Amino acid sequence: MSTYTTAWKSPSNIALVKYWGKKPNDVQIPSNASISFTLNNCATTTTLTYEEQSTLEVKVLLEGKEEPSFVPKIEQFLKRIAHIFPFVTTGKYIIDTSNSFPHSSGIASSASGMSALSLCICDIALEKGLLEEADFLQTASELARLGSGSASRSVYGPLGVWGEHSDFAGSSDNFAIAYDNVAEVFKSYCDTILLVHKGQKTVSSTVGHGLIDDNPYATARFAQAQENMTAMKAILKSGDLDGFINLVESEALTLHSLMMSSNPYFILMKSETLKVIEAIWAKREKDGVKWCFTLDAGANVHFLYPQADKEAAQAFIETELKQYCENGAYIHDEVGMGAKRI
Ligand code: PMV
């Protein structure tokens, strides 16, 4: 083999129990376990052309246009995974990547992007005889983790669990595992991403994770997250929507309260984020609907509802929630089955 081309489409994911904080003396090892819905529509497609050569050369194309600003991050990633696949420190890489969601929509592409690239690299390793088919997804998840922690969960669907936890057999800090021991309702759950603010985040998640080390609430948070994983497991299995709403919203607000209690403190929510939350709470109070929200490390709101409520929930978005979105923009998504080779 001298030149090899492969392509993968990998989705984004949204955590239900959040990862926020890594172990200080390790590379990308989480301080607590996390679980996420894998999404279906928000995805990155990456075509990787790899050519054997004695030096390292990386070229990145984003939506067909050369993007030199991505090269240092990719090179750093390749160095980080070199203990698993030493061949990656040399070679010519042409990484042609595009996102299904609009660029600068405020949706992080690191989870989908890093998992798509990791899967492509595993294809090269497979071709070189350095990887067995049976270890493929686990290895891809481990590589993805080294690129961006939450990316480890994007490889699989319908849900992914990352981080060691005694209630989740086979769970590991090094890679995520697929999780599907859930009631039917959760296998097709809907997530409409309300694009409250499309701009760049003021504090990146890398910086945010680092600030947890001095946060006085950190130890309590890590213990709480482990307990929430146990509670979430039972909720997902039984299909308890009230329990789901309660835990998912609490996790979202806890994540943001950790940001507010960091030093330096910061707020990623915008006033529209709170308006959306209030509108969802008012609707739930008035009509008893089982709809809720979660947040990732940004201002956008993930509006979660069962597939059976799709029509009513989407009508509610149009009449009540869209007004708080920048240029009225949102993206309908739902739980998906993970990455695909294309
Ligand atoms: O994968 P990172 O380093 O971008 O961190 C993601 C952290 C959250 O999205 C806020 C939570 C999570 O578990 O995905």
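Any read-out appearing in this document is the output of simple, stated calculations on the displayed coordinates, not a laboratory observation. Predicted model, so just to flag it, every value in this text is computed and none were measured. Note that we place each Cβ from the backbone using ideal geometry, even for glycine, and neighbour counts take in every protein chain shown.
Assorted remarks:
- Enclosing the Cα atoms of region 110-237 in their convex hull gives a volume equal to 149 cubic angstrom per residue.
- Acute angle (nearest 10 degrees) that the helix 271-287 long axis makes with the longest principal axis of the chain, alpha-carbon atoms: 50 degrees
- In terms of distances greater than 28 angstrom between alpha carbons, the cross-link table entries Lys275/Lys340; Lys23/Lys310; Lys128/Lys201; Lys233/Lys340; Lys201/Lys233 yield Lys275/Lys340; Lys23/Lys310; Lys128/Lys201; Lys201/Lys233.
- With bins 10 Å wide beginning at 0, the percent of Cα pairs of region 1-153 falling in each bin runs 11, 42, 35, 11, 0.
- Cα-derived Rg over Rh, computed across region 1-74 with Rh taken as Kirkwood radius: 1.07
- Across region 228-305, the mean sequence separation of Cα contacts (distance under 8 Å, 6 or more residues apart), normalised by length, yields a relative contact order of 29 percent.
- Cα-based helix-to-principal-axis angle, 71-80 vs the chain, degrees rounded to 10: 80 degrees
- Working ranking of peptides 199-207, 270-278 by packing, defined as the average number of other Cβ atoms within 10 Å per residue, highest first, is 270-278, 199-207.
- Scaled radius of gyration (Cα, divided by 2.2 N^0.38 Å) that region 177-279 gives: 1.23
- FRET efficiency for the Ala329 to Lys286 pair, using the beta carbon distance and R₀ = 30 Å, is estimated at 0.70.
- Size-normalised alpha-carbon gyration radius of the chain, reference 2.2 N^0.38 Å: 0.97
- Cα centroid separation, region 1-61 to region 277-342 (Å): 26 Å
- Nearest 10 degrees, 0 to 90: helix 110-127 Cα axis against the chain principal axis: 30 degrees
- Shape parameters for region 231-341, alpha-carbon atoms, Rg then Dmax in Å: 15.0, 45
- Anchor Lys283: aspartates and glutamates whose Cα lies under 13 Å away (excluding residues fewer than 8 positions away in-chain): Glu320
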